[in-house]
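K.L.:
Provided herewith is a single structure, encoded as structure tokens, for subsequent inquiry.
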Amino acid sequence: MFEQTFKNIDDILHKDAGCGSELDYVEQTSWILFLKYLDDLEKDRATAAELTGKSYTSIIDKDFQWTVWAAPKIDNGKIDHNALTGDDLTDFVNNQLFPYLKKFKTSAESADTIEYKIGEIFSELKNRVQSGYNLREVINRIDELRFRTHAEKHEMSHLYEDKIKNMGNAGRNGGEYYTPRPLITTIVKVVDPKIGDKIYDGAVGSAGFLCEAFAYLNKPGLSTKDWETLQKRSFFGKEKKSLAYIIGIMNMIFHGVEAPNIIHTNTLAENLADIQEKDRYDVVLANPPFGGKERAEVQQNFPIKTGETASLFLQHFIKILKAGGKASVVIKNTFLSNTDNATVAIRKHLLESCNLHTVLDLPGGTFTGAGVKTVVLFFEKGKATRNVWFYQLNLDRNLGKTNPLNESDLAEFVELQRLALSGAEGTAESDNSWMIDVKDIDPSTFDLSVKNPNKKEETALRQPQEILEEMRELDEEAKEVLEGIAQLIV
């Protein structure tokens, strides 16, 4: 139901002069979808209040409720044909609805409420759908969706993530907001956060890491206290780009976190010297942007100066971790071997201040459309590294858009990593994994290049008879093609 509806909405927006790309489709679908989701959320809250004999005060005033302006119904449940449309609809949305919703940012009691998030979302967005008739069609489609049951919410949240993933096809770097979900799921499983941990992503993008960490911790049978901890005191993020920031907030809300603690700010503008103990986190999960170049004034915030964005983020993550805190950071594989002074200094700092216990080497194509190879660093802050366990993900196929990474690809890594770190004898080595002692690393470069000592070079020699047989088959195919062409030209 959701998938077909999303496709139909994209077709409608494709015809609108105000929407030029997949990014616009996601942005415009998002705010309308959010208001319908909010209406269903309010219905659930009203029902829960009624069951306990309490009264419920709606968040949204009557004139701005979904069932009044967007989808007023007649007796048979159909949308009233007198509902706003055309210029009347766009005038209402642009001049009344959006200004009303923006005010929630100043009127909300605190930043950790859904009211405040409503104000943030509609302060950052604007309606780009120019035709009120197209807008009416989109609203009618979204009104058909329901977000009342767990299954409905689960399906919608996954399809929304698919839309975020597709932004990468729109140019404008949309794909940088998205890390493959199977990789995130595996990372969260290995890091194994606990309820009560403060979990942080300083390059939050579409909030995939925080959504998955919430799903990992949101197990059946949670106490009311644990639920409140997950809702208000567990997940924190920062994001520089406006669209990614809004999508991240909405993605978390759709996944079940009502008031995400995500801030719209440039993480790297924060001076590391200003980070105090109260600012630190128990867990860091992140895939910071790589390849970017930061200005000199931003570099002044870091003890090791470099223009490479990902290297600055790594310094930030090390600093903002609590002692004993755990982190997993995706980074370009050249970080392990680059010989410039800054990268060498950061590797030295990482090995001396943290236990870099695991490096996962990912194959090319893991990130659709990205032409670089990446690794995942797993480390704990507070004690120096003695040994690093490497795992090289070698697959028997090429990864790409039509053949993406899946969780089963990473199952061996998860199992071997658990065994290797348990210290059981003989568990560190396999065809794809090995352990190095930091004492054996060159102290002048701290080079951590991925060099699999166990990989066997296979030179598959085919039998002459097999080669001759294939040549005969190819000759037969060529003969048939030539005969076909001859018949056409007779």
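K.L.:
With the condition kept exactly as written, say whether any residue in segment 123-142 is among the small types (Gly, Ala, Ser), modelled with pLDDT of 90 or more, more than 25 Å from ALA83 (Cβ to Cβ) and in the same structural domain as CYS19 (by TED's automatic domain parsing).
P.N.:
Initial filter on segment 123-142 (among the small types (Gly, Ala, Ser)): 123, 131-132.
Then keep just the ones that are modelled with pLDDT of 90 or more; that gives 123, 131-132.
Next cut, more than 25 Å from ALA83 (Cβ to Cβ) only: 123.
The next check asks that each one be in the same structural domain as CYS19 (by TED's automatic domain parsing); those that pass are 123.
Yes, the conditions are met somewhere in segment 123-142.
K.L.:
Look at PHE446 and say whether it is in a loop (DSSP other than H, G, I, E, B) and surrounded by 10 or more Cβ atoms within 10 Å (Cβ to Cβ).
P.N.:
Yes.
K.L.:
What are the pairs with Cβ atoms under 9 angstrom where one residue, in segment 141-153, is assigned to a loop (DSSP other than H, G, I, E, B) and the other, located anywhere, is of a type in the set (S, T, N, Q)? Sequence gap at least six, or different chains.
P.N.:
Qualifying pairs under 9 Å: GLU144/THR5; LEU145/THR5.
K.L.:
Please go through (1) buried (at least 18 other Cβ atoms within 10 Å of the Cβ); (2) within 30 Å of LYS165 (Cβ to Cβ); (3) of a type in the set (Val, Ile, Thr) for THR385 and return the number of the only condition it doesn't satisfy.
P.N.:
(2) is the only condition that THR385 fails.
K.L.:
Inside segment 371-411, can you point out the residues that are without any contact (Cβ under 8 Å) to a residue 24 or more places away in the chain and either β-branched (Val, Ile, Thr) or touching a Phe, Trp or Tyr at 6+ places or on another chain (Cβ under 8 Å) (or both)?
P.N.:
Correct list: THR402 only.
K.L.:
Give the residue that is surrounded by the most Cβ atoms within 10 Å (Cβ to Cβ), with candidates limited to residues of segment 412-435 that are without any contact (Cβ under 8 Å) to a residue 12 or more places away in the chain and of a type in the set (A, V, I, L, M).
P.N.:
By that ranking, first place goes to LEU419.
K.L.:
Next question. Quick one: which residue in GLY221, GLY196, GLY248 is in a loop (DSSP other than H, G, I, E, B) and in contact (Cβ under 8 Å) with a residue 12 or more places away in the chain? Please lay out each step first, then the result.
P.N.:
Values: GLY221 fails: in contact (Cβ under 8 Å) with a residue 12 or more places away in the chain; GLY248 fails: in a loop (DSSP other than H, G, I, E, B).
GLY196 is the lone residue from the list that is in a loop (DSSP other than H, G, I, E, B) and in contact (Cβ under 8 Å) with a residue 12 or more places away in the chain.
K.L.:
What residue, of ASP44, ASP61, ASP39, is assigned by TED's automatic domain parsing to the domain that holds ILE142 and within 24 Å of SER131 (Cβ to Cβ)?
P.N.:
When all the criteria are applied, what remains is ASP39.
K.L.:
What do you reckon, is VAL372 exposed (fewer than 15 other Cβ atoms within 10 Å of the Cβ), among the hydrophobic types (A, V, I, L, M, F, W, C) and in the same structural domain as SER337 (by TED's automatic domain parsing)?
P.N.:
Yes.
K.L.:
Being at pLDDT below 95, out of contact with any His (no Cβ under 8 Å at 6 or more places or on another chain) and not aliphatic (A, V, I, L, M) narrows it down to one residue among GLY365, GLY324; which is it?
P.N.:
GLY365
K.L.:
For the subset of segment 161-193 comprising residues that are more than 24 Å from LEU360 (Cα to Cα), crowded, with 23+ Cβ neighbours inside 10 Å and not small (Gly, Ala, Ser), which member is modelled with the highest pLDDT?
P.N.:
Residue satisfying both the conditions and the ranking: ILE164.
K.L.:
Same structure again: Filter segment 16-48 down to the residues that are of a type in the set (Asp, Glu) and in a helix (DSSP H, G or I), then identify the one that is modelled with the lowest pLDDT.
P.N.:
That would be GLU22.
K.L.:
Return yes when ILE74 is farther than 20 Å from LEU33 by Cα and either touching a residue at least 40 places away in the same chain (Cβ under 8 Å) or surrounded by fewer than 18 Cβ atoms within 10 Å (Cβ to Cβ) (or both) and no when it is not.
P.N.:
yes
K.L.:
Among the residues of segment 251-275, write down those that are outside any helix (DSSP H, G or I) and either touching a residue at least 40 places away in the same chain (Cβ under 8 Å) or surrounded by 21 or more Cβ atoms within 10 Å (Cβ to Cβ) (or both).
P.N.:
Passing the criteria: GLY256, VAL257, GLU258, ALA259, PRO260, ASN261, ILE262, HIS264, GLU270, ILE275.
The values are calculated or read from the model by the stated rules, or taken from the named source; none is laboratory data. Being a predicted model, the structure only gives us computed values, none of them experimental. No Cβ is skipped: glycine too gets one built from the backbone with ideal geometry, and neighbour counts run over all protein chains shown.
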